[in-house]
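Okay, so here's the structure we're looking at.
The values are calculated or read from the model by the stated rules, or taken from the named source; none is laboratory data. All values reported here derive from a predicted model rather than from experimental measurement. Positions of Cβ are backbone-derived with ideal geometry, glycine not excepted, and every protein chain shown enters the neighbour counts. Note: areas computed on protein heavy atoms with side chains; ligands, DNA, RNA excluded. Shrake-Rupley method; radii C 1.70, N 1.55, O 1.52, S 1.80 Å.
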Amino acid sequence: GEVTETTAEEALEPQPGGTLVYGLEADTSTPWTPQNSVCAISCHMVMRTVYDTLTLPNEDGEYVPYLAESVTSNADFTEWTITPRAGITFHDGTPFDAAAICDNLSRHLTSILTGKALLAVNGGPDDPGAPGPQVNADGSGCVVPMKQPWSRFPVYLSGQIGYMASPTWLAGVAAGTADA
């Protein structure tokens with residue numbers, strides 16, 4: 001066959017294809033639902049390629065809205081309202097709205113893995129008198145009532161609790177009709 005030579009400049013041109021192997025210190029567990037994943041630090045690196053969070057820290061270390069348009073509390077931090085950013089849809093066309101936020105948070109409240117992070121929320125895992133998660137969509141935002149003041153709640157919305165997944169997909173996973 002004919003041997004062709006490539007110049008140094010041609011060798012530097014990007015080529016499609018190939019394999020990229022990325023090493024992590026721990027595997028991310030299956031399923032990929034945020035409420036059921038056991039997340040080591042590398043899990044968050046992987047999960048952030050799939051999910052966005054409701055809040056993120058800014059350059060001053062304050063936790064500010066990201067997927068959320070706003071995250072506001074009442075005067076004594078016993079009720080928070082998370083308002084979704086407009087114009088966002090999930091991969092399956094489901095709208096990102098107040099109901100989607102409440103669905104995700106309600107699933108966290110009932111999760112054996114992530115529920116303990118939300119002990120201050122009414123209807124959480126250590127609230128046996130409550131009839132279930134007490135978060136509710138009031139039309140424009142997801143209202144999260146607390147059992148006690150919790151001024152640092154937005155911090156939790158920047159990690160696993162704040163990963164937002166399509167409620168349609170989560171319902172399919174729970175019913176066994178969608179892959180986790």
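Full extension of the segment from N58 to S151, taken as 0.36 nm per residue of separation minus the current Cα-Cα distance, would add 31.8 nm.
Can you give the Rg to Rh ratio of region 48-153, both from alpha-carbon atoms, with Rh computed by the Kirkwood formula? Present the calculation step by step, with values, prior to reporting the outcome.
Details: Rg = 13.8 Å, Rh = 14.4 Å.
With Rg and the Kirkwood Rh in hand, the quotient comes to 0.96.
Largest to smallest in accessible area, the residues R152, R48 fall in the order R152, R48 (1.4 Å probe, all protein chains included). Neighbours of A137 by Cβ distance under 13 Å: Lys/Arg scored +1, Asp/Glu scored -1, total -3.
Can you give me the accessible area per residue for region 70-180, using a 1.4 Å probe, in Å²?
46
Region 136-180 has equivalent-ellipsoid semi-axes of 26, 14, 9 Å, by the square roots of 5 times the alpha carbon gyration tensor eigenvalues, sorted largest first. Taking region 65-103 and a reference point 7 angstrom along Cα→Cβ of T177, the backbone N atoms nearer than 18 Å belong to 91-95. Here the accessible area of region 44-143 is 53 percent carbon and sulfur, with a 1.4 angstrom probe and all protein chains present.
In the chain, the inverse of the mean reciprocal separation of distinct Cα atoms equals 18.2 Å; this is its Kirkwood hydrodynamic radius.
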